[in-house]
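Before any comments, here is the structure.
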Amino acid sequence: MNDQSPSPDDLGALEAELAEVERRVARRVDPGVAALAAAVGVLLVLVALMLPWTGGVPGWQILAGIENFGALPRLFTITSVGFGVLGSAVALATRYWAATFVCAVGCGFSVVNGVWAIWSRQVNVPQGGSGPGIGLVLAVLAMIALTACWVRIAGRRG
């Protein structure tokens, strides 16, 4: 009968390897079904950019700076694309908890910007002008849904 016990060096290496695996697992999240909801939210933000945000002007023209309706609609386009589209894509691809947390906070910030953008289009409309369009409202609703998804995903870590 061959009785070989592992050496202390082997046990130390195994312990270090297990600690590294534990750190890698702790940094990641499993979005589960919420990943599909987040992907649909990203798609809705992209669709909203093609629809009119005010008058006949689509959101992508506001994002590109072709049309100027003030700082708030432009800030909302930047934050909704930055956190809602790009940030969500990074978080879904990497599944890092830090990315999901940044998306949760960033999408929440974008919702506030979106509500302000709608308000600014209602208040700063000249006589005979147009208020917020369907694209702007859809983008805010999509960002609310994305915020809920990312808060739920980020909250699963624990």
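The values are calculated or read from the model by the stated rules, or taken from the named source; none is laboratory data. From a predicted model like this one, the values you see are computed outputs, not experimental measurements. Quick reminder, even Gly has a Cβ in these numbers, built from the backbone with ideal geometry, and neighbours come from all protein chains shown.
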Considering only region 75-108, how many residues are among the β-branched types (V, I, T), buried (at least 17 other Cβ atoms within 10 Å of the Cβ) and without any contact (Cβ under 8 Å) to a residue 24 or more places away in the chain? 1
One residue from D30, D9 being over 20 Å from A98 (Cβ atoms), at pLDDT 70 or above and either of a type outside the set (S, T, N, Q) or over 16 Å from the mean Cα position of the chain (by Cα) (or both): D9
For P52: the one exception among (1) in contact with a helix residue (DSSP H, G or I) (Cβ under 6 Å, 6 or more places away or on another chain); (2) farther than 14 Å from I153 by Cβ; (3) modelled with pLDDT under 90: (3)
Selection within region 45-74 - part of a helix (DSSP H, G or I) and without any contact (Cβ under 8 Å) to a residue 60 or more places away in the chain: L46, W60, Q61, I62, L63, A64, A71, L72, R74
L92: under 14 Å from W150 (Cα atoms), part of a helix (DSSP H, G or I), at pLDDT below 95 and not hydroxyl-bearing (S, T, Y), yes or no? yes
Looking at region 15-22, is at least one residue at pLDDT below 70 and β-branched (V, I, T)? yes
